[in-house]
Amino acid sequence: RGKALQPLFKMSYSCSKVEDPRPGYPYKGGNFCAFLPDNKEGLKIAQLLKKAFECGLTFQIKSCNGEERVTWGLIPHKTSWDGGKARNGYPDAQYLHEVSTVL
């Protein structure tokens with residue numbers, strides 16, 4: 001597969017904000033990992049994803065079974081090297097173009 005970039009996001013417990021589903025309630029964090037190819041286009045997307053993260057666009061808080069938790073937001077991420085598009089993995093020939101358009 002060659003070298004791969006693996007951004008890792010760690011989200012802790014915290015309290016939700018006004019725009020979240022239940023403002024002021026605590027939410028559950030987690031570890032999130034995404035994969036990008038280690039090439040010029042992958043590095044460009046990594047920089048854009050970093051900006052999106054800094055702007056608060058990467059994650060959202062959702063209510064699930066009475067519990068608030070952090071989930072991926074609307075920006076698509078590849079969370080596996082296999083499984084294809086249907087499982088958020090590779091191969092997916094259009095992914096870098098699609099995520100670039102979203103970003």
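The values are calculated or read from the model by the stated rules, or taken from the named source; none is laboratory data. Here the structure is a predicted model, which is why all the values come from computation and not from measurement. Positions of Cβ are generated from backbone atoms using ideal geometry, with glycine treated the same way; all protein chains shown enter the neighbour counts. Heavy atoms of the whole protein, side chains included, go into the accessibility calculation; ligands, DNA and RNA do not. Shrake-Rupley method; radii C 1.70, N 1.55, O 1.52, S 1.80 Å.
Structure notes:
- The set of residues in the range 73-84 that are over 12 Å from Val99 (Cβ atoms) and either of a type in the set (Lys, Arg) or not in a loop (DSSP other than H, G, I, E, B) (or both) contains only Ser80.
- Residues considered: Lys62, Lys50, Lys44. Of these, the only one that is closer than 26 Å to Pro26 by Cα and in a helix (DSSP H, G or I) is Lys50.
- Among residues that are part of a loop (DSSP other than H, G, I, E, B) and more than 15 Å from the chain's Cα centre (by Cα), Pro91 is included.
- Annotation: of all residues in the range 65-103 being of a type in the set (Val, Ile, Thr) and open to solvent by 30 Å² or more (accessible area, probe 1.4 Å), the one that is farthest from Gly29 (Cα to Cα) is Thr101.
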